[in-house]
Amino acid sequence: MTLASRLAAVALASLLASGTAFAQTAAPATKPDAAAIAERKAPKERSAESLECSKQADAKGLKGKERKKFRRECKKEARAGSAAPAAPAADKK
């Protein structure tokens, strides 16, 4: 046998051997139990401050980024214990 035919035989054998390694599939993932799914989907409890700030944002007609910013500042002030109603930073001119 010539050197070229030996190399061709080795190349063919390596291709056949490596093809099976790529054909293997991963093990199927296990399904999470129903309790874990229900826990993730359960709505989180909202604090009184959060609800009040949402009502104030609704009354002002805020939406999107402005609403998010207003609620963040409102909740921060409520946690700090300020008695004054929260006002958005845009109104503080």
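The values are calculated or read from the model by the stated rules, or taken from the named source; none is laboratory data. Just so you know, these numbers come straight off a predicted model, no measurement behind them. Note: areas computed on protein heavy atoms with side chains; ligands, DNA, RNA excluded. Shrake-Rupley method; radii C 1.70, N 1.55, O 1.52, S 1.80 Å.
Details
- Within the option set Lys55, Lys31, Lys44, being at pLDDT below 75 and open to solvent by 100 Å² or more (accessible area, probe 1.4 Å) holds for one residue only, Lys31.
- The lone exception for Lys65 - which of (1) modelled with pLDDT of 90 or more; (2) open to solvent by less than 100 Å² (accessible area, probe 1.4 Å) it fails: (2)
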